[in-house]
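Working notes, structure below.
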Amino acid sequence: MKLGGGSPGTSSGRSQSAILVPVPDAEPIVDRWRQTHDPVAPAGVPAHITVIVPWLPPDEITDADLDELADAVADDEAFDFELTDIGWFGRKVLWLAPEPAEVFRSLTNRLAERFATPPWDDEFDEVVPHLTIGHASDGDELGAVADALRPYLPVKCRAEELWVMVGDGSRWSRRWRTALR
């Protein structure tokens, strides 16, 4: 999720939902930096790879939408991946790259098409799967974090669940989850 002009703890300052793959295997390595540099971390969002944000307006998500989402991923299997490299969006967002990335990209594209909800409001030309570590007003602020993370890579991870999280503008909570088979 990316930080816009919103309030602390949100990525946009407004009510929204997101579909994500939680990455608990990365928490011991990234949590301390995420808590300091990624406003959604202290607001309740765990280490994750975003699939779609924003998804549907939280107050408009129905049981039928969640059933359709469950149906859309019913044949998806849990899979192993690694966080292999450090990346930057400009010098303002520090992130870790998952490999293989294509499985996340494919999931994003498939769900975006199924729900007519382009990821990141169609703001970017390309989907770049990533685990956000932090946002900075000046990239140098996160340079030391990048250096501190490097010795821990690669991080072996397993994608086992898909979550829907909802944010009210300041806090996030898990609304729904399903296991990948």
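Judged by the mean number of other Cβ atoms found within 10 Å, the most tightly packed of the peptides 156-169, 102-115, 77-90 leads the ranking 156-169, 102-115, 77-90. Computed from label points 7 Å out along Cα-Cβ, the spacing between Leu66 and Asp138 is 4.6 nm.
Estimated purely from DSSP H runs of n ≥ 4, each contributing -39500 (n - 2.57), the mean residue ellipticity at 222 nm for the chain is -7500 deg cm²/dmol once divided by its residues. Here the gap between Ala101 and Ser15, fully extended at 0.36 nm per residue and compared with their Cα-Cα distance, gives a gain of 28.1 nm. For the chain, a Kirkwood hydrodynamic radius built from all Cα pairs, placed in the Stokes-Einstein relation at 20 °C and 1.002 mPa s, yields a translational diffusion coefficient of 131 µm²/s.
First measure r as the distance between the Cβ atoms of Ala78 and Arg174, then evaluate 1/(1 + (r/R0)^6) with R0 = 22 Å and state the FRET efficiency to the nearest 0.05.
On the way: r = 18 Å, r/R0 = 0.82.
The pair Ala78/Arg174 has a calculated efficiency of 0.75.
What does the charge count near Asp63 come to, summing +1 for each Lys or Arg and -1 for each Asp or Glu among other residues with Cβ under 15 Å from its Cβ?
Summing Lys and Arg as +1 and Asp and Glu as -1 gives -4.
Pair-distance distribution of the stretch 84-181: all C-alpha pairs, bin width 5 Å, starting at 0; shares per bin in whole percent are 2, 10, 15, 21, 21, 19, 9, 2, 0. Here the gap between Thr36 and Lys92, fully extended at 0.36 nm per residue and compared with their Cα-Cα distance, gives a gain of 18.7 nm.
With an 8 Å Cα cut-off and a minimum separation of 6 or more residues, compute the relative contact order for the stretch 16-179 in percent.
Details: 303 pairs, mean separation 60.0, N = 164.
Relative contact order of the stretch 16-179: 37 percent.
All of the numbers you see were taken from the coordinates with simple rules; none came from a lab. Everything numeric in this text was worked out from a predicted model, so none of it was measured. Virtual Cβ from ideal backbone geometry, glycine too; neighbours counted across all protein chains shown.
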